[in-house]
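Peer 1: Just dropping this structure here.
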Amino acid sequence: MCTYVVEKTPLAGSGRNAEGWFVLTEASVSYDHPFHAPVEHAVNIDFTNVAAGPSARVAVELTAESARALIAAIEEAIERGQEVERRELEASESYATR
């Protein structure tokens, strides 16, 4: 059964396809039948730049478990990266006030 569940969100970033890098402007995330992944339903993510045409697209199909693991990894990477930035900023401010 098709779920027809689709969520869209604007993006600011870059993607790479066979033609090279391009600006990303949107992601469409669905939970439905995949085109290629060997599962009944998958989290299907299309990273796109609609204005650049159909070649400006990167498609990903993940199991629900893999999608949840990816969400956790993204959140952890952001948290750890921002913590490093905070420590570096504090260190540079501390050094500048000496």
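The values are calculated or read from the model by the stated rules, or taken from the named source; none is laboratory data. All figures in this text were calculated on a predicted structure; none of them were measured in a lab. A quick note on method: Cβ atoms are made from the backbone with ideal geometry, for glycine too, and the neighbour counts reach across all protein chains shown.
Peer 1: Conditions first: (1) part of a loop (DSSP other than H, G, I, E, B); (2) within 18 Å of residue 11 (Cβ to Cβ). Residue 40 passes all but one, so which condition is the exception?
Peer 2: (2)
Peer 1: Mind telling me which of the residues 12, 73, 27 ends up being at pLDDT 95 or above, small (Gly, Ala, Ser) and not assigned by TED's automatic domain parsing to the domain that holds residue 1? Please lay out each step first, then the result.
Peer 2: Working: 12 fails: not assigned by TED's automatic domain parsing to the domain that holds residue 1; 27 fails: not assigned by TED's automatic domain parsing to the domain that holds residue 1.
Residue meeting the stated conditions: 73.
Peer 1: Okay, moving on. If I filter region 49-96 down to residues being surrounded by 13 or more Cβ atoms within 10 Å (Cβ to Cβ) and polar (S, T, N, Q), which single residue comes out as nearest to residue 23 (Cα to Cα)?
Peer 2: Initially, region 49-96 is screened for residues surrounded by 13 or more Cβ atoms within 10 Å (Cβ to Cβ), giving 49, 52, 56-63, 66-67, 70.
Add one more test, that the residue is polar (S, T, N, Q), and what stays is 49, 63, 66.
On the way: 49: 7, 63: 26, 66: 25 Å.
Across region 49-96, the extreme among qualifying residues is 49.
Peer 1: Which of the residues belonging to region 39-65 are without any contact (Cβ under 8 Å) to a residue 12 or more places away in the chain and closer than 18 Å to residue 3 by Cβ? Step through it out loud before you land on a result.
Peer 2: Step one: filter region 39-65 for residues without any contact (Cβ under 8 Å) to a residue 12 or more places away in the chain, giving 40, 53-54, 65.
Of everything in region 39-65, those that are without any contact (Cβ under 8 Å) to a residue 12 or more places away in the chain and closer than 18 Å to residue 3 by Cβ turn out to be 40, 65.
Peer 1: Identify the residue in region 26-35 that is in contact with a strand residue (DSSP E or B) (Cβ under 6 Å, 6 or more places away or on another chain) and not aromatic (Phe, Trp, Tyr) and, among all such residues, is nearest to residue 63 (Cα to Cα). Quick ask: steps written out before the conclusion?
Peer 2: Taking region 26-35 as the starting set, the residues that turn out to be in contact with a strand residue (DSSP E or B) (Cβ under 6 Å, 6 or more places away or on another chain) are 26-31, 34.
Those still in the list that are not aromatic (Phe, Trp, Tyr) too: 26-30, 34.
Values: 26: 21, 27: 17, 28: 16, 29: 13, 30: 12, 34: 10 Å.
Only one residue fits best here, namely 34.
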